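A.B. asks: Quick one: this structure, given as structure tokens, is what I'll be asking you about.
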Amino acid sequence: MDPMDELHKEMVGRDLGVTLPTSQLKMKYGSLEITPGQKSTPTQVKNMPLVEWSANPDNFYTLVMCDPDAPSRNDPTYREWLHWCVGNIPGVEVSKGQVLAAYIGAGPPKATKYHRYVFLVYRQSGRIKFDEPILDNRSGKGRGGWHVAKFAEKYKLGDPVAGNFFQAEYDDYVPHLFGK
């Protein structure tokens, strides 16, 4: 079975309104390698991951992380919650991209079961002048009700070229995350 089949099985494309990529985004949180659909804890994914995909160093890319299950999969009132967005990434050098939304790790509320945290990479046709408000990681303002499909359409990003996701449910780190 192709590991990317997990994205289809968990209905990620349907819930985000995107065509799913066939190429897997490689992700590591320290020594923890993420395979599609893997169950992780907020503690394990609290820091920004290292990510890598098959990229042309001459192209620019946009990386997005969102949670389509906010506040819960049964009641996704805030679908989607934006956790991270970096545009104008040269090749795979995320640190040289333009941070549109600073990284916030998984923070599923207590008793909401597993949330899907989806990562998508889009190849840009060139450098983009984004007109999005820049979101820091000290507030949830501007993150709930965000839509990756509308964002991709607005900036003519086409379909994602790579993706991955993990699942996480509440643990004792979540109150610390919200305290920040």
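A.B. asks: Name the residue, out of Pro133, Pro108, Pro71, that is in contact with a strand residue (DSSP E or B) (Cβ under 8 Å, 6 or more places away or on another chain) and of a type outside the set (Asp, Glu).
C.D. replies: Just one listed residue meets the conditions, Pro108.
A.B. asks: Of all residues in segment 139-180, which are among the charged types (D, E, K, R) and more than 26 Å from Lys129 (Cβ to Cβ)?
C.D. replies: Across segment 139-180, the qualifying residues are Glu169, Asp171, Asp172, Lys180.
A.B. asks: Would you pick out the residues in segment 102-137 that are aromatic (Phe, Trp, Tyr) and in a strand (DSSP E or B)?
C.D. replies: Tyr117, Phe119, Tyr122
A.B. asks: Which pairs have Cβ atoms under 7 Å, sit 6 or more apart or on different chains, and link a residue in segment 5-21 that is under 11 Å from Val118 (Cβ atoms) to one that is among the aromatic types (Phe, Trp, Tyr)?
C.D. replies: Leu7/Phe165; Val12/Phe165
A.B. asks: Hey, can you tell me all the residues within segment 150-168 that are of a type in the set (Asp, Glu) and within 16 Å of the chain's Cα centre (by Cα)? Outline the logic, then answer.
C.D. replies: Quick first cut of segment 150-168, residues of a type in the set (Asp, Glu) only: 153, 159.
The one that is of a type in the set (Asp, Glu) and within 16 Å of the chain's Cα centre (by Cα): Asp159.
A.B. asks: Within segment 115-126, can one find any residue that is surrounded by 23 or more Cβ atoms within 10 Å (Cβ to Cβ), hydroxyl-bearing (Ser, Thr, Tyr) and touching a helix residue (DSSP H, G or I) at 6+ places or on another chain (Cβ under 8 Å)?
C.D. replies: The answer is yes; a qualifying residue exists.
A.B. asks: Please determine, by comparing only the residues of segment 15-57 that are of a type in the set (A, V, I, L, M) and touching a His at 6+ places or on another chain (Cβ under 9 Å), which one is nearest to Arg73 (Cα to Cα). Before the answer, list the steps.
C.D. replies: Let us first name the residues in segment 15-57 that are of a type in the set (A, V, I, L, M), namely 16, 18, 20, 25, 27, 32, 34, 45, 48, 50-51, 55.
Among the residues that remain, those that are also touching a His at 6+ places or on another chain (Cβ under 9 Å) are: 16, 20.
Working: Leu16: 13, Leu20: 19 Å.
Only one residue tops the list, namely Leu16.
A.B. asks: Looking at segment 1-90, what strands (runs of 3 or more DSSP E) fall wholly within it and have at least 3 residues that are within 16 Å of the chain's Cα centre (by Cα) and within 18 Å of Ala162 (Cα to Cα)?
C.D. replies: Those strands (runs of 3 or more DSSP E) span 26-29, 50-52, 60-67, 81-90.
Each row is one residue, and each column tells you yes or no for (1) within 18 Å of Arg14 (Cβ to Cβ); (2) among the charged types (D, E, K, R); (3) touching a residue at least 60 places away in the same chain (Cβ under 8 Å).
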position: Val99; (1), (2), (3): no, no, no
position: Ala102; (1), (2), (3): no, no, no
position: Gly105; (1), (2), (3): no, no, yes
position: Lys113; (1), (2), (3): no, yes, no
position: Val118; (1), (2), (3): yes, no, yes
position: Gly140; (1), (2), (3): no, no, no
position: Ala149; (1), (2), (3): yes, no, yes
position: Lys156; (1), (2), (3): no, yes, no
position: Ala162; (1), (2), (3): no, no, yes
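A.B. asks: In addition: Suppose we filter segment 7-63 for residues that are surrounded by fewer than 19 Cβ atoms within 10 Å (Cβ to Cβ), aliphatic (A, V, I, L, M) and over 23 Å from Lys156 (Cβ atoms); how many remain?
C.D. replies: Selection size over segment 7-63: 4.
A.B. asks: A further question on this structure: Report, by residue number, each residue of segment 138-180 that is buried (at least 19 other Cβ atoms within 10 Å of the Cβ) and in a loop (DSSP other than H, G, I, E, B).
C.D. replies: Arg143, Trp146, Leu157, Pro160, Val161, Tyr170
A.B. asks: From the list Cys85, Cys66, which residue is over 19 Å from Tyr170 (Cα atoms) and either modelled with pLDDT under 95 or buried (at least 16 other Cβ atoms within 10 Å of the Cβ) (or both)?
C.D. replies: Cys85
The values are calculated or read from the model by the stated rules, or taken from the named source; none is laboratory data. Because the structure is a prediction, the values reported are computed rather than measured. As a convention, Cβ positions derive from the backbone with ideal geometry for all residues, glycine included, and neighbour counts pool all protein chains shown.
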